[in-house]
């Protein structure tokens, strides 16, 4: 059976609309979470963990250092710092169901994980990667993996 070009076009338009909605929601979540945190600067693991548990309950595994990253985050969410536990911390990333979100859009090369799009949402002079991680997890939770992969 041949697919109707009109149906394919309608599906693409629907996906584009969903992605635009997810992007708008992401920006709104960043603002909301920034107001909850109280600033748009560096966040600590305790703050991210507290907010993550409130937002996602049992789905949220917690906040870990790179050397504590589990082999899989299937059906769970977490936030990971790119530094090991014995280091001061450098940058937060979010992970949901083995999908990695880096607000700088870099390919981090984590084995067994899928990377989101390579576009950066965070400017190098911004320090709000923790807030952006929580916002991305909100998009993932509300819109699903396909929309979250487009952020």
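Has the stretch 96-104 got any residue that is in a loop (DSSP other than H, G, I, E, B) and at pLDDT below 90? Looking through the stretch 96-104, none of the residues is in a loop (DSSP other than H, G, I, E, B) and at pLDDT below 90. Of all residues in the stretch 81-95, which are under 16 Å from the mean Cα position of the chain (by Cα) and outside any strand (DSSP E or B)? Listed by number, the residues that qualify are 82, 91.
The condition of being in contact with a helix residue (DSSP H, G or I) (Cβ under 7 Å, 6 or more places away or on another chain) and outside any strand (DSSP E or B) holds for only one of 30, 63, that being 30.
Applying the set (1) touching a residue at least 60 places away in the same chain (Cβ under 8 Å); (2) under 22 Å from residue 43 (Cα atoms) to residue 63 leaves exactly one unmet item: (1).
Whether a residue is assigned to a helix (DSSP H, G or I), at pLDDT 95 or above and in contact with a helix residue (DSSP H, G or I) (Cβ under 9 Å, 6 or more places away or on another chain) was assessed, and residue 78 does not pass this test.
Looking at the stretch 105-147, which of the residues that are touching a strand residue (DSSP E or B) at 6+ places or on another chain (Cβ under 7 Å) and in a helix (DSSP H, G or I) is surrounded by the most Cβ atoms within 10 Å (Cβ to Cβ)? By that ranking, first place goes to 130. Out of all the residues in the stretch 44-53, which are surrounded by fewer than 15 Cβ atoms within 10 Å (Cβ to Cβ) and either touching a helix residue (DSSP H, G or I) at 6+ places or on another chain (Cβ under 9 Å) or closer than 13 Å to residue 135 by Cα (or both)? Matches in the stretch 44-53: 44 only.
The values are calculated or read from the model by the stated rules, or taken from the named source; none is laboratory data. All values derive from a computational prediction rather than experimental measurement. Methodologically, a virtual Cβ is constructed for each residue, glycine included, from the backbone with ideal geometry; neighbour enumeration extends over all protein chains shown.
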